[in-house]
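Since the structure comes first, as structure tokens, the remarks are kept for the end.
The values are calculated or read from the model by the stated rules, or taken from the named source; none is laboratory data. Bear in mind that the values here come from a model prediction, so they are computed numbers and not experimental data. All Cβ positions, glycine included, derive from the backbone under ideal geometry; neighbour counts span all protein chains shown. Keep in mind that these areas ignore ligands, DNA and RNA; they rest on the heavy atoms of the full protein, side chains included. Shrake-Rupley method; radii C 1.70, N 1.55, O 1.52, S 1.80 Å.
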Amino acid sequence: MQTLFHVNESSQIAFARRACADLARNLGFDETQAGKVSIVITEACTNLLKHAGGGDLIVRSVQRGTRSGIEILAIDSGPGIANVAASICDGVSTAGTQGTGLGAMRRLSDEFDIYSQSGKGTAILLVVLSVSEPSHDDALLIGGVCLPLPSEDVSGDAWTFRSVGNTTTILVADGLGHGPDARAASQPAIDLIERHGFDSPTEVLNKAHDALRGTRGAAVAVAMIAPAQNRLSFAGVGNIAAFLFNRDGRKQFMSHNGIVGSNMRRVQEFDFDWNEHSMLILHSDGLLTNWNLDQYPGLESRAPALIAAVLVRDFSRKRDDITVVVVRPNQL
């Protein structure tokens with residue numbers, strides 16, 4: 001679950017810092033790593049206020065092998081950064097400060113990525129792990145943003161993934177409506193992946209249909225990627241959009257009409273080629289349909305969570321739960 005912090009005035013920095021310090025303690029961070037989280041949060045919020053007049057932090061816990069971590073997305077719609085490489089260097093500032101913000105954030109984070117466009121804003125990804133040590137290389141990079149309708153505390157959207165051997169299954173669910181009842185509809189589909197992540201997309205959808213009976217029902221999409229076999233399999237029911245990007249352009253997957261748990265009449269599985277240049281984007285209908293990655297040169301090579309955050313920032317309907325999940329190979 002992700003938490004959204006609006007940062008529009010300096011008093012909100014302390015609130016975000018305390019909340020993330022509590023999260024670090026709950027995840028078992030030691031004093032040193034928890035201190036890094038506090039500094040990173042402070043620097044990220046200060047940058048939002050000084051350089052963009054405010055923005056948002058999106059925070060969640062993540063898992064990297066056996067290590068817990070805190071993922072922080074700092075997003076704004078400000079003037080952007082003219083020279084990102086120079087701004088990351090300590091001592092460079094456009095706001096009359098010491099210029100340690102971006103440099104400090106990069107040094108203190110185990111994972112760091114940034115994307116900025118003149119006139120469109122900046123998005124920064126920061127991950128601080130409970131233990132700082134080299135991680136093993138996964139075949140796929142997976143990240144996303146999942147936020148509730150602004151008037152709700154919980155999202156009816158949900159997503160998850162599980163890797164079994166050399167195969168990874170990704171599931172996105174959108175419970176009908178929003179709020180706790182919608183969450184109760186999407187959660188059983190998420191729970192299935194832990195037990196049946198090795199099943200085909202068709203089998204997962206059929207099991208989800210049984211598991212969701214008695215709930216409002218949900219739109220559900222399942223993708224299974226086997227990089228070693230250069231294969232992606234997909235099946236969906238309802239309005240989860242799915243797009244595969246390759247060098248030859250963008251291809252949209254077809255989901256059948258229906259509601260998983262209610263009137264799922266047909267499931268059809270499709271197979272596609274997957275290679276080192278592929279990227280998969282799945283999203284609920286909380287995202288507008290007019291997004292186009294061509295408007296964001298170089299974004300496709302950034303961290304998946306950063307790609308998702310930029311799309312959410314610029315194309316959220318703001319009247320529904322929203323989920324965007326991005327999957328791409330570890331090296332393009």
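If only residues of segment 82-117 that are at pLDDT 90 or above and in a loop (DSSP other than H, G, I, E, B) are counted, the one that is most open to solvent (accessible area, probe 1.4 Å) is 110. Checking each residue in segment 152-166 for being at pLDDT 95 or above and of a type in the set (S, T, N, Q) picks out 155, 160. Of the residues making up segment 118-129, those that are over 14 Å from residue 71 (Cβ atoms) and buried (at least 18 other Cβ atoms within 10 Å of the Cβ) are 120, 121, 122. Inside segment 43-62, can you point out the residues that are farther than 16 Å from residue 131 by Cα and within 22 Å of the chain's Cα centre (by Cα)? Residues satisfying the conditions are 43, 44, 45, 47, 48, 54, 55, 56, 57, 58, 59, 60.
Candidates 65, 53: the one that is on the phi > 0 side of the Ramachandran plot, without any contact (Cβ under 8 Å) to a residue 60 or more places away in the chain and small (Gly, Ala, Ser) is 53.
When segment 279-332 is filtered for residues that are without any contact (Cβ under 8 Å) to a residue 60 or more places away in the chain, open to solvent by less than 10 Å² (accessible area, probe 1.4 Å) and part of a loop (DSSP other than H, G, I, E, B), only 291 remains.
Taking the criterion of being open to solvent by 30 Å² or more (accessible area, probe 1.4 Å), of a type in the set (Gly, Ala, Ser) and assigned to a helix (DSSP H, G or I), the only residue of segment 153-186 that qualifies is 184. The set of residues in segment 134-152 being assigned to a loop (DSSP other than H, G, I, E, B) and surrounded by fewer than 20 Cβ atoms within 10 Å (Cβ to Cβ) consists of 134, 135, 136, 137, 138, 139, 150, 151, 152.
Selection of segment 3-49 for residues being touching a strand residue (DSSP E or B) at 6+ places or on another chain (Cβ under 7 Å), under 21 Å from residue 309 (Cα atoms) and outside any helix (DSSP H, G or I) yields 3, 4, 5, 6, 7.
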